[in-house]
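The values are calculated or read from the model by the stated rules, or taken from the named source; none is laboratory data. Fair warning: this is a prediction, and the values are worked out from it, not measured in the lab. A quick note on method: Cβ atoms are made from the backbone with ideal geometry, for glycine too, and the neighbour counts reach across all protein chains shown. When the accessible area is computed, the model is the full protein with side chains, heavy atoms only, and any ligands, DNA or RNA have been set aside. Shrake-Rupley method; radii C 1.70, N 1.55, O 1.52, S 1.80 Å.
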Amino acid sequence: MQRDFAAVLEAWEGKGAFVGHDGPTGTWFFVAMHDDRLGPATGGTRMRIYADPSDGLEDATRLARGMSFKWAGIGLPFGGGKAVLAIPRPMEGEERLGLLKRFADVLNLLGGAFQTGEDLGTTPEDMAVLASHSPYVVGGGEGPNDPGPFTALGVFEGIRAALRSKEGTDSLTGRSVLIQGAGDVGAPLARMIARAGARVLIADLNAARAEQIAREVDGSLISADQVYDTPCDVYAPCAVGATLNADTIPRLACSVVAGSANNQLLVDADADRLHERGILYAPDYVVNGGGALAFGLMQRGVRDVAELNRRVEGIGSALDEIFHEAAEEGVTPAQASDRRVQRILEQGLAQQ
Ligand code: PHE
């Protein structure tokens, strides 16, 4: 949808945004800084083609808000931020390298007000390029350089927590999990799910990518337009956001939604719609916090991979508490989690 940048920023409660235009490639740089009460704005850099630059800015603002909630929920002293590189066409080779170097200049210009890591459309290699031109890149270095497997581990534990709450058992044997997106998170998640004894149904806009994973884990390929109508126990959105909305929710044939995509609900009321249908929704910024948690901890000096995994697995217990509190108070899990996070943002981490 075409709007001007002013309309996007007026509708947002964040601190502010950096906007730049990269002449050589025609890319728009957006860095949205939502909240810095807990620490400097920190979040991934997304690279994507948008129909209109204002969609890129809006994505950055919504994602930055999600990061404020994610860091508060995780309990790390970072604020919410997100960068979007709205590219006009796929960027490869030298052109991509040049773009990343110029984006590193933007990070340096911001001087630490925003720090970044990997997100949809960027890779560990891209982060290495940024890190060689700017100190404002989180994690990486000596330790693991890919947040995807950590995010997948958190989602895996989140799925089990949701099944515990909904079905009384977290055994995956004989269950089916539909993974939408066979990328950096969806692929390792599919392997974990299959290893635990569940059937993997997998879809991706890039069908060849989904087919490869389906073959590897002996799962089934689902066409991208069948995702919302395919019966399964768990629907795991692991690609773009806003897939839970007034059009898709009535069609869903699952009992749990738990996945890694950011901003899965199109609007807040979609949490109520899921609740009314008896579908248990694991709040996105809690269940998908594994990559941010591991990389935030690495940034703070935790390097032991076993310890990082142990902390990420804690996402399961965090969700147990959220589902429990939601049931006790008769609210949705999204509301229970939002309340907790608002409290932390207002009072700070030390009070918790
Ligand atoms: N992109 C990750 C997310 O959306 C966040 C992240 C931040 C990853 C910093 C790595 C480093 O949760």
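Among the residues of the range 16-44, write down those that are over 21 Å from Lys70 (Cα atoms) and free of Cβ contacts under 8 Å to residues at least 40 places away in the same chain. Please lay out each step first, then the result.
So the first thing to find is which residues in the range 16-44 are over 21 Å from Lys70 (Cα atoms), and the list is 18-29.
Result: Val19, His21, Gly23.
For the range 30-39, give me each residue that is open to solvent by 20 Å² or more (accessible area, probe 1.4 Å) and within 19 Å of Ala86 (Cβ to Cβ).
Taking the range 30-39 and keeping what is open to solvent by 20 Å² or more (accessible area, probe 1.4 Å), we get 33, 36-38.
Met33, the sole residue that qualifies.
What are the pairs, 6+ residues apart or on separate chains, where a residue within the range 111-134 that is without any contact (Cβ under 8 Å) to a residue 24 or more places away in the chain and farther than 16 Å from Arg48 by Cα has its Cβ under 6 Å from a residue that is aromatic (Phe, Trp, Tyr) and within 8 Å of the ligand (Cβ to nearest atom)?
Sorted first by the residue in the range 111-134, then by its partner, the list stays empty.
I'm trying to understand the selection: among the residues of the range 302-323, which are open to solvent by 40 Å² or more (accessible area, probe 1.4 Å) and among the small types (Gly, Ala, Ser)?
Selection gives Ala306, Ser317.
Residues that are more than 12 Å from the ligand (Cβ to nearest atom) and among the hydrophobic types (A, V, I, L, M, F, W, C): which helices (runs of 4 or more DSSP H) entirely in the range 259-352 hold 3 or more of them? Give the derivation first.
Values: elements: 269-276, 284-287, 290-299, 305-329, 333-347.
Because the criterion is at least 3 residues that are more than 12 Å from the ligand (Cβ to nearest atom) and among the hydrophobic types (A, V, I, L, M, F, W, C), the helices (runs of 4 or more DSSP H) in the range 259-352 that meet it are 269-276, 305-329, 333-347.
Can you pull out every residue in the range 206-254 that is open to solvent by 20 Å² or more (accessible area, probe 1.4 Å), in contact with a Lys or Arg (Cβ under 8 Å, 6 or more places away or on another chain) and touching a residue at least 60 places away in the same chain (Cβ under 8 Å)?
Asp233, Gly241
If you take the residues of the range 245-258 that are under 21 Å from Phe156 (Cβ atoms) and not in a loop (DSSP other than H, G, I, E, B), which of them is farthest from the ligand (Cβ to nearest atom)? Walk me through how you get there before you give the answer.
Looking only at the range 245-258, we keep the residues that are under 21 Å from Phe156 (Cβ atoms), and these are 252, 254-258.
Going one step further and asking which of them are not in a loop (DSSP other than H, G, I, E, B), we end up with 256-257.
Values: Val256: 20, Val257: 18 Å.
Among those residues, the one meeting the criterion is Val256.
For the range 109-139, how many residues meet the condition of being open to solvent by less than 30 Å² (accessible area, probe 1.4 Å), among the hydroxyl-bearing types (Ser, Thr, Tyr) and away from the ligand (no atom under 11 Å from the Cβ)?
Total satisfying the criteria: 1.
Consider Gly158 against the criteria (1) within 18 Å of Gly289 (Cβ to Cβ); (2) of a type in the set (Gly, Ala, Ser); (3) modelled with pLDDT of 95 or more; (4) within 13 Å of the ligand (Cβ to nearest atom): it satisfies all of them except one. Which criterion is unmet?
That leaves (4) as the condition not met.
Do we find that Asp184 is charged (D, E, K, R), under 23 Å from the mean Cα position of the chain (by Cα) and open to solvent by less than 30 Å² (accessible area, probe 1.4 Å) in this structure? Quick ask: steps written out before the conclusion?
Details: charged (D, E, K, R): yes; under 23 Å from the mean Cα position of the chain (by Cα): yes; open to solvent by less than 30 Å² (accessible area, probe 1.4 Å): no.
Taking the combined requirement at face value, the residue does not satisfy it.
Of the residues that sit in the range 40-89 and are over 23 Å from Pro333 (Cβ atoms) and polar (S, T, N, Q), which one is surrounded by the most Cβ atoms within 10 Å (Cβ to Cβ)?
Checked the range 40-89; the qualifying residue surrounded by the most Cβ atoms within 10 Å (Cβ to Cβ) is Thr42.
Go through the range 140-154 and count every residue that is buried (at least 24 other Cβ atoms within 10 Å of the Cβ) and either without any contact (Cβ under 8 Å) to a residue 40 or more places away in the chain or within 11 Å of the ligand (Cβ to nearest atom) (or both).
Selection size over the range 140-154: 4.
Residue by residue through the range 203-222, note down the ones that are out of contact with any helix residue (DSSP H, G or I) (no Cβ under 9 Å at 6 or more places or on another chain) and basic (Lys, Arg).
Arg215 - this is the single residue of the range 203-222 that is out of contact with any helix residue (DSSP H, G or I) (no Cβ under 9 Å at 6 or more places or on another chain) and basic (Lys, Arg).
Go through the range 15-29 and count every residue that is open to solvent by less than 20 Å² (accessible area, probe 1.4 Å) and more than 14 Å from Leu109 (Cβ to Cβ). Give the derivation first.
Of all residues in the range 15-29, those open to solvent by less than 20 Å² (accessible area, probe 1.4 Å) come to 20, 22, 25, 27, 29.
Applying the additional criterion that residues be more than 14 Å from Leu109 (Cβ to Cβ) yields 25, 27.
Final tally of qualifying residues: 2.
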